[in-house]
Ligand SMILES: [Cu+2]
């Protein structure tokens, strides 16, 4: 199992949180997505380590951005 945390910018409300959760949660192997709206921290649990580029794409698909830091 792998747990990675990303910092996502642009989320402002519960709708944003569910959009990001749905898109990232749809990636193959992802078993849990936990979003902290206040900090923008998105913690992704997956069966195998995820390719950061796939996560970034999913977040962008939802309309937000992964901060590089
Ligand atoms: Cu929102």
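Read-outs throughout are calculated quantities, based only on the coordinates presented, and are distinct from any laboratory measurement. Predicted, not measured: the structure shown is a model, and the values here were computed from it.
Relative contact order of the chain: 45 percent, from C-alpha pairs under 8 Å at least 6 residues apart in sequence.
Considering only Cα atoms, the convex hull volume of the chain works out to 70 Å³ per residue. On C-alpha positions alone, give me the angle between the axis of helix 14-25 and the longest principal axis of the chain, in degrees, nearest 10. For helix 14-25, the angle is close to 20 degrees. Once the Cα atoms are used to define both axes, helix 52-62 deviates from the longest principal axis of the chain by about 40 degrees.
Want the number for residue 41 to residue 15: 0.36 nm per residue separation, take away the alpha-carbon distance, what's left?
Values: separation 26, 0.36 × 26 = 9.36 nm, distance 1.55 nm.
Result: 7.8 nm gained on full extension.
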